[in-house]
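Read the structure below first, then the notes.
The values are calculated or read from the model by the stated rules, or taken from the named source; none is laboratory data. Since this is a predicted model, take the numbers as computed values, not measurements. Methodologically, a virtual Cβ is constructed for each residue, glycine included, from the backbone with ideal geometry; neighbour enumeration extends over all protein chains shown. Heads up: the accessible areas ignore ligands, DNA and RNA and are worked out on the full protein's heavy atoms, side chains in. Shrake-Rupley method; radii C 1.70, N 1.55, O 1.52, S 1.80 Å.
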Amino acid sequence: MPLFVWALYATALLQVLATPVLGITVLLVAFERLYHIGIFDPRLGGDPVLFEHFFWFYSHPAVYIMVLPAFGIISELVSVHSRKPLFGYKLIAFSSLAIAIISFLVWGHHMFTSGQSTYAMFAFSFLTFFVAIPTAIKEFSWVATIWKGSIALNSPMLYTLAFLIIFAIGGLTGVILGALNVDLHLHDTYFVVAHFHYVMMGSIALAFFAGLHHWWPKMFGVMYNETLAKIACVTIFVGFNVTFLPQFEMGSQGMPRRYATYVPEFQPYHSASTVGAIILGSGVALMVSYLVASLFIGKKAMQNQWGGVTLDWLTPTPPPLENFAHAPKVTTEVYDYSTLDLKSTQTPIG
Amino acid sequence: MSHDGHHSVVIPAPGPEFVPHTVAHHFDTPVQEFQSAKLGFWLFLATEILLFGGLFAAYFYYHDLYPETFRVGGQQLDWKLGAVNTSVLLLSSWTMAMGVRSAQTSQKQKTMLFCALTVLGAVIFMVIKFFEYKAKTEHGLFVFPHMFDNYQVDGSSNAGSLAWFTDVHNVMVDETGAPLLHGHLFFAIYVTMTAIHGLHVIIGAGLILWIMKGVAKGRFHAGYYLPVDLVGLYWHLVDLIWIFLFPLLYLVP
Amino acid sequence: MFTNVLIVLLILTAVTVIASRIDFGPANMLIAMLIASVKASLVILFFMHMKWDTAINKIVFLSSFLFLSLLFIFTLADQATRRIDHPMHATKAKVSKEWAYPKPAMSEKH
């Protein structure tokens, strides 16, 4: 089964189990406001920390709901653009499930300064280190997949490589924040902001852009301007890092989150972030424009633009209702590139 | 299997009082349809467990924080009514299981009868619940008409008075007669949990009525009893939740 | 067979009520929940046909309890161990927690 499908299974597991707790939390908050039951209001005997427990029991798995599909996309892309089967296929598949399960054990690391019991905090910090392990397995497996592959440095691959670098930083800073003693200082500072932007924007959004570029020819039958795509990718990468890298330093020096005014010492960092944001924004704007333009003036894409061997590349373009006329029979290994029909990578659609 | 000329799979009716069932076009076989629907429904039941589970977590949390309040509060609930309600729901679970079995064996009248008995159980449950809530209002432990009134806060001390908790008979007190800490909290949680459960009872009863409509038309038989089965699962879940609610709220204190 | 299960369930309900009359101290909650779990298992296995169902359905439903227990364990553990380090509040006296939740100046009755 392609690893994107494994990633979606794990995501579905998280969605089914975590979202109802969000539902009941929101319902209880509504009741609290409507008829003052006192479940979270300290004036009425309630405990706001209980609200935090309920909220983060959902919200931590929620971030994995967001990131697991991104991991799935990257797994597919590194394989296709290195034309090599994934290194550690089983490891990556099971690590998706491991992330899904372990992510339910760590929610307290968002509450280290909330006033919960020290012993609970020890437990949460300890368990947070474990959730990094399956993620690291994925990161290293992807790099090992690229090693000695037939690497095509096209735009989806550039986005993927950017992801691998940015996610490494994002993931590692997450582990730093998971350490209880360090987090007591970094909680609610720009260090946290930088961390989650590295994983949310730098990783999830970049993986989304990578997937967009990768499957664009399959979805719309046209190719975008590859040169512009490469320029946009580099611009986004540079802009992103200029925006968010200074925020790590700023946060560790104490700049809090959600403050409109701050001491002059932090001004250079904020200015750097602003400049970076402008660069990042122009990169994204460029990306959107050539993608939209390709719908009108794009060249016809090839039937199998990148030479993938998974089922998504065997449907016609655009895929008809239910994708295939008959349910396809899969007889080969999932990333077996010996089955690749090279002619299809050179034959335009239609 | 799709729209390339293949005919959809039809399960024939086992008798003149039934109608045949056409398998939904995105399934290849009736067995696949059955298993997919069942899995989907069990996934939904898993989410319901987590939904109510959050309420139970809140209960355990505050029970641990205010043991006296919860002990005295629980004593205000009538355990006999609770026991009757438990038995009613257990019986209705039995009638529902029998109803599903009647559908599986193509016995139209029996299916109708058992479904009707299940709805009757739901109605009895809600009636008893109504009387329980009425008693709470009369004792000032949860005055429903004043539920949405504003919480009157007294300026500096953040103290206030809750419109719906008046404790007319002054029952929420400890041995010395001093008011218990946050006596309203027990009843707030009690009403929240039982009201959300009651909502599920009403929804379940509605679903069973919908099933009865289908039974009357002869849609459910040995070849296709899936909706009856799934609604039955929902009803058993409602019973399941009450099995835990009853001792927790009424008996442990 | 369903009838037999029903009879056992009704008997267990009676047992729950009788057991609640006896004070086992802190084990009260545990015993009540244990009996409830037995009743629940009967409903799940027989009325809900879980005994004859596919493995995946069993895993799906039972895993929800597993993850729910995680929510219970950590929130209760947090609550229970919160004041251990304060010697003054280490024991659970009856109305001892008011230091964290000051009593309202007015009582809560009209």
If one builds a Gaussian network model of chain A from Cα atoms under 10 Å apart, the most fluctuating residue listed among A:Val275, A:Val26, A:Val330 is A:Val330
Write down the Å³ per residue value for the convex hull defined by the alpha carbon atoms of segment B:12-71. 132 Å³
3J(HN,Hα) from dihedral phi, segment A:83-96, Karplus parametrisation 6.51/-1.76/1.60, rounded to Hz, x for glycine, proline: 6, 8, x, 5, 6, x, 3, 5, 4, 5, 4, 6, 5, 4
How far is it, in nm, from the label point at A:Arg258 to the one at B:Ala116 when both lie 7 Å from their Cα along the line to the Cβ? 5.9 nm
B plus A alone minus the pair: what accessible area, both sides summed, probe 1.4 Å, in Å² to 100? 2700 Å²
Which angle from 0 to 90°, rounded to the nearest 10, does the C-alpha axis of helix A:155-178 make with the longest principal axis of chain A? 20 degrees
Phi angles of segment C:37-49, converted by Karplus (6.51 cos²θ - 1.76 cosθ + 1.60, θ = phi - 60°) into ³J(HN,Hα) in whole Hz with x for Gly and Pro, give 5, 5, 4, 4, 4, 5, 4, 5, 5, 9, 5, 8, 6
Towards the positive end of the charge dipole of the protein assembly as shown, with charges on Cβ (+1 Lys, Arg; -1 Asp, Glu), say which of A:Ser82, B:Ile211, C:Asn28 has the farthest Cα. B:Ile211
Which GluC sites (Glu not before Pro) does segment A:199-281 hold that lie in a coil by DSSP with at most 16 other beta carbons within 10 Å? none
For every helix of n ≥ 4 consecutive DSSP H residues, a contribution of -39,500 (n - 2.57) applies; sum these over chain B, divide by its total residues, and give [θ] at 222 nm rounded to the nearest 500 deg cm²/dmol. -22500 deg cm²/dmol
If you take every residue apart from A:Thr345 with its C-beta less than 14 Å away from the C-beta of A:Thr345, what net charge results, scoring Lys and Arg +1 and Asp and Glu -1? +3
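Based on the Cβ-Cβ distance of A:Met1 and C:Leu45, what FRET efficiency does E = 1/(1 + (r/R0)^6) give at R0 = 35 Å, to the nearest 0.05? Provide the component values of the computation, followed by the final result.
Working: r = 32 Å, r/R0 = 0.91.
Between A:Met1 and C:Leu45 the formula returns 0.65.
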Taking the Cα centre of segment A:20-163 as the origin and placing charges on Cβ (Lys, Arg +1; Asp, Glu -1), which of A:Thr118, A:Phe140, A:Ile151 is farthest toward the positive end of the dipole? A:Ile151
Phi-derived 3J(HN,Hα) across segment A:298-312 with the Karplus relation (6.51, -1.76, 1.60, θ = phi - 60°), rounded Hz, x for Gly and Pro, is x, 6, 5, 7, 7, 4, 10, 3, 9, x, x, 10, 7, 4, 4
Exposed loop sites here are chymotrypsin sites (Phe, Trp or Tyr not before Pro) in DSSP loop states with at most 16 other C-beta atoms within 10 Å. What is the longest stretch of chain B lacking them? B:1-147
Relative contact order %, chain A, counting alpha carbon pairs below 8 Å whose residues are six or more apart: 17 percent
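Give me a single rounded figure for B:119-125: the average over its residues of other chain Cβ atoms within 10 Å of their Cβ. Can you show the working numbers first?
Numbers: counts 0, 0, 0, 0, 0, 0, 0.
Mean number of neighbouring Cβ atoms from other chains: 0.
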Contact order relative to length for chain B, counting C-alpha pairs under 8 Å separated by 6 or more residues, stands in percent at 30 percent
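Rg to Rh ratio, chain B, alpha-carbon atoms and Kirkwood radius?
Values: Rg = 23.4 Å, Rh = 20.9 Å.
Rg/Rh: 1.12.
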Taking amide H positions as placed in the peptide plane 1.01 Å from N, state which residues far from A:Val222 in sequence (5 or more) or on other chains have amide H under 5 Å from it. A:Ala301
In segment C:1-56, the chymotrypsin sites (Phe, Trp or Tyr not before Pro) that fall in loop regions by DSSP, at most 12 other Cβ within 10 Å: C:Phe24
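On average, how much area does the Cα convex hull of segment A:281-347 cover when viewed from any direction, in nm²? Mind dumping the intermediate values first?
Numbers: hull surface 26.0 nm².
If you wrap the Cα atoms of segment A:281-347 in a convex hull and average its projections, you get 6.5 nm².
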What's the angle, to the nearest 10 degrees (0 to 90), between helix A:206-220's Cα axis and the longest principal axis of chain A? 30 degrees
Most mobile of A:Thr118, A:Thr274, A:Thr11 in a GNM of chain A (Cα contacts under 10 Å): A:Thr118
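List the GluC sites (Glu not before Pro) within segment B:9-111 that fall in a DSSP loop (any state other than H, G, I, E or B) and whose Cβ has at most 13 other Cβ atoms within 10 Å. Kindly include the intermediate steps, with their values, before the conclusion.
Numbers: sites: B:Glu17, B:Glu33, B:Glu48, B:Glu68; in loops: B:Glu17.
Answer in residue order: B:Glu17.
What does the net charge come to around A:Ser95 if you take all other residues with beta carbon closer than 12 Å to its beta carbon, with K and R at +1 and D and E at -1?
Numbers: positive: A:Lys90, A:Lys138; negative: A:Glu139.
Summing Lys/Arg as +1 and Asp/Glu as -1 gives +1.
Report the extension gain between B:Met147 and B:Val123 in nm, rounded to one decimal, defined as 0.36 nm multiplied by the number of residues separating them, less their alpha carbon distance.
Details: separation 24, 0.36 × 24 = 8.64 nm, distance 2.43 nm.
Using 0.36 nm per residue and subtracting the Cα-Cα distance, I get 6.2 nm.
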Give the angle, between 0 and 90 degrees and rounded to the nearest 10, that separates the Cα long axis of helix A:267-297 from the longest principal axis of the Cα atoms of chain A. 30 degrees
In nm, spacing of pseudo-spin labels at C:Val8 and B:Thr105 (7 Å Cα→C-beta vector): 2.1 nm
Going 7 Å from the Cα of A:Leu27 along its beta-carbon direction, which residues of segment B:52-74 have the amide nitrogen within less than 13 Å of the resulting point? B:52-58
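Roughly what % of Cα-Cα distances in segment C:1-48 sit above 17 Å, to the whole percent? Mind dumping the intermediate values first?
On the way: 391 of 1128 pairs.
Of all Cα-Cα pairs in segment C:1-48, 35 percent lie more than 17 Å apart.
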Determine the shielding of peptide A:56-66 by partner chains: average, over its residues, the number of Cβ atoms on other chains within 10 angstrom of each Cβ. 1
Once the whole set of protein chains is in place, how much accessible area is left on B:His169, using a 1.4 Å probe, in Å² to the nearest 10? 110 Å²
Calculate the FRET efficiency for A:Ala12 and A:Met219 from the Cβ-Cβ distance with a Förster distance of 25 Å, rounded to the nearest 0.05. 0.65
Between the alpha carbon centres of segment C:1-75 and segment A:133-198 the gap in Å comes to 44 Å
If you take the square roots of the eigenvalues of the alpha-carbon gyration tensor of the protein assembly as shown and sort them as a ≥ b ≥ c, do you get rounded (a/c under 1.5), prolate (a/b over b/c) or oblate? oblate
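Which number do you get for Rg(Cα) / (2.2 N^0.38 Å) in chain A? Intermediate values should be presented prior to the final figure.
Values: Rg = 22.6 Å, N = 350, 2.2 N^0.38 = 20.4 Å.
In units of the 2.2 N^0.38 Å rule of thumb, it is 1.11.
Nearest 20 debye, what's the magnitude of the dipole of chain A about its Cα centre given +1 on Lys and Arg Cβ and -1 on Asp and Glu Cβ? Walk me through the intermediate numbers first.
Numbers: 15 positive and 16 negative charges, 165 e Å.
Result for chain A is approximately 800 debye, rounded to the nearest 20.
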